[in-house]
Amino acid sequence: MDVQKFKQELIAYSKEIGIDKIGFTTADPFSELKNRLIRQQELGYHSGFEEPDIEKRVTPTLLLDEPRSIISIALAYPSKMKDRVVSKKGERRGIFSRASWGLDYHHLLRDKLKKLEEFIKMKVPDARLKSMVDTGELSDRAVAERAGIGWSGKNCAIITPEFGSYVYIGEMITSIPFEPDTPIEDQCGSCTKCLEACPTGALVQGGQINAQRCISFLTQTKGFIPDEFREKIGNRVYGCDSCQTACPHNKVKNFHFHEEMEPDPEVAKPLLRPILQLSNREFKNKFGDVSGSWRGKKPIQRNAMIALAHFKDESAVSDLIEVLKNEASPVARGTAAWALGKIGGETAFAALEKAKAVETDSAVQIEIEKALSLNK
């Protein structure tokens, strides 16, 4: 088989099926990445969502028998909505980050990778292949960087010359010795706009992030949001785009290549108060197709309460009181208490006093006390 010719056929086919960029690299170990990952764990900067075995994250031979190359793909997603939300006075809305607009990107990337696999198998029936997206063992960004998709920016995102950092990436390990592409030289230069824009200082330095301080990570956790981050979250109900929107390489980057990525404005920028009353089925029906739903409704409801506190939305007091009185989850009750304290008013503080008298969970009691202290 003429591998170079087949590579060109594969590139052409990737364009036919809607892959916006494709790159190739070796299946060599990611030795430099290993040292960085070890250091991140030592510092406690990792999120805990990653593959825990660092060796698997950096050693393709542990994932596929005799791998010879890795294919990286990228799909560009929009940075602006075609259809704008029609807001009415007094209706407060939250926001999902751009990476959670439209259909869950995991499905989109897996579909493209599956089609690539089928094409390769048709041409090379005995080829061994292993594809992965986000939750796989390898670091998507490390593969994309080495395969020439883009460079790893100071904001820890892959930045492409064509689409900025508004890309979804995935990869496929193969037994075919494709010729590797040349990595793209870092083009961040002396710019530090993303570091300056990070609301919580999660970007420790260029290329290093403390995930435990990252709003994108925090909005996906299931426990109480630490006090120091609550007001910084603002009206974000999932994810954060601050480091992306600040990046000069993302200026005027807005691509609408894939219909599935077009957001429903009522999902991407949802009304906050109705989120508090959603049943599991209603949540799945409204948000189940977007990637931001992967942790379930509880984190989204907690974040919505923080957003209502951010807006000091007095119209939400009755909804928050219902959560405080009737919700089974201590995190929900405690966050509702905090939000009531932030919004304030006689009704809110009266409800907090009543809750204080009957609440048995110690964590919620602490939140009620914090909320009541705001009335002094």
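Only the coordinates and a few stated rules stand behind these numbers; no lab work does. Being a predicted model, the structure only gives us computed values, none of them experimental. Note that each Cβ is placed from the backbone with ideal geometry, even for glycine, and that neighbours are counted across all protein chains shown.
The dipole here belongs to the chain: it is taken about the Cα centre, uses +1 on the Cβ of Lys and Arg and -1 on the Cβ of Asp and Glu, and is about 980 debye. Extending 7 Å from Cα along the Cβ direction at K251 and again at D181 yields two label points whose distance is 2.6 nm.
Cross-link pairs exceeding 22 Å in C-alpha to C-alpha distance, out of K21/K253; K5/K56; K7/K112; K7/K80; K80/K269; K89/K269, comprise K5/K56; K7/K80.
Between 0 and 90 degrees, the angle of helix 330-343 with respect to the longest Cα principal axis of the chain falls at about 60 degrees. Here the peptides 153-160, 294-301, 20-27 are ranked by packing, the mean other Cβ count within 10 Å, and the order with the highest first is 153-160, 20-27, 294-301. Here the dipole of segment 3-174 is about 860 debye; that uses its Cα centre as origin and unit charges on the Cβ of Lys and Arg (positive) and Asp and Glu (negative).
Taking a ≥ b ≥ c as the square roots of the eigenvalues of the Cα gyration tensor of segment 3-174, is the shape rounded (a/c under 1.5), prolate (a/b larger than b/c) or oblate? Oblate, since a/c reaches 1.5 and b/c is not below a/b. For segment 301-376 versus segment 173-250, the inter-centroid distance based on Cα atoms is 31 Å. Placing unit charges on each Cβ (+1 for Lys and Arg, -1 for Asp and Glu) gives segment 3-174 a dipole about its Cα centre, and among V143, S100, H46 the Cα reaching farthest toward its positive end belongs to S100. For the chain, the longest principal axis of the C-alpha atoms and the axis of helix 297-311 are separated by about 60°.
Helix 362-373 versus the longest principal axis of the chain: what is the Cα-based angle in degrees, 0 to 90, to the nearest 10? The answer is roughly 60 degrees. Its Cα centre serving as origin, segment 78-173 has a Cβ charge dipole (Lys and Arg +1, Asp and Glu -1) of approximately 540 debye. By the beta carbon rule, with partners counted only under 4.7 Å, the chain holds these lone Cys residues: C156, C188, C191, C198, C214, C240, C247. For the chain, adding -39500 (n - 2.57) for each run of n ≥ 4 DSSP H residues and dividing by the number of residues yields -12000 deg cm²/dmol at 222 nm. Distance from the Cα centroid of segment 85-133 to that of segment 1-49 is 16 Å (rounded to whole angstrom).
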